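Working notes for the structure below.
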């Protein structure tokens, strides 16, 4: 039998306000989106120069997969730890200092003469990414003015735009100038550090608002048992697996697929990759705001499963239709992550940094594992066979139907929860329950019996 933990009921508390009092802090959100763009421009240089590195050092597809694996796993393992640490002790200027690792990594990649040095440079870029994402996501939520979906989408679209621009810069700068020109992009890291210093100053000045927010029932809508919360997180993890295994099949191997099947040039393949990544950037914009309006569960359901017809047709299309099909695939699939992030943060609202680190980390980790597995599979079969297998991955989106509805959100359709509110058994805006800073579940007891509650660690 699960142990119960008695906790005190606090005095009524009003819902947290954004740092500027009422509205979304748009300047901060745009600064975060810009810094995310610059960060992901630098990250996207790694897969964009794979054809160059493969030909120069005679690398196998397995080694190409290992480069992605090193970068993605370095980022994914550290991000939850960074998020957990900053949940307890925010570090406003860590956003700027984390870029130092990225800067050094780019210099190493530019001058690396051996495969191990390429791996080291990739790992350093991954470390910089692991420091950036959890804390930047927290600041975006703090500056959202309650429009959490919009804030996450604006933040993430910067990253997707950077991922789309990266291959263009690789085609226009790195391919004609050679490997050493990668080091020139360390200038981009310096610009990102300046932008993030501005964000850090704002964040430092609003830490008191963040501390106040952590003691109020922010998104106190979670009415689920601990087991259901864990189950929901598990479903989201499987959906992240589906989304990012498919995405990495295109981001890491799409250029090879186009070159192998249609005999296009490296530059042409890069431009077609840009079309897909540009669609991903546009799709990201829609996911959060639409989720704010219709509910994040509906967006998650549609964005994963809805892309299945297009992925099934893609491996059998000609060059023209391959380019066309990647547009709806990118648009639809990209809308999922903002919705999944906000949905998960609403499940565990007092662990925003941990959830951001976990899901960004999972995204990087799944992509890294996927790159290695798909590279191994391509070496033993063919790159075309890889795309035929990956076409079925979005079918995992059927699991979104098992996600619970959250009280107080537009996803809520459970007849019991509204009755609880109507009968006065639960009102998340009236009271909060605290226990040593732990995240906990709201209490459903009537006012006369509000003396204890189950703790949610």
- Once the Cα atoms of region 8-402 are picked out, what are the Rg and Dmax in Å? 20.3, 69
- Percentage of interatomic Cα-Cα distances in region 238-325 larger than 21 Å: 36
- Once the principal axes of the Cα atoms of region 297-386 are found, what is the range along each, listed largest first in whole angstroms? 48, 29, 15
- Query: If one computes the Cα centroid of region 164-189 and of region 263-314, what distance in Å separates the two points?
  - Reply: 25
- Note on the structure: Most exposed to least, judged by fewest other Cβ atoms within 10 Å, 87, 260 sort to 260, 87
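Each value in this text was obtained by applying a stated rule to the coordinates, not by laboratory testing. Values in this document were obtained by computation on a predicted structure and should not be read as measured data. In this analysis, Cβ positions are derived from the backbone assuming ideal geometry, glycine residues included, and neighbour counts consider all displayed protein chains.
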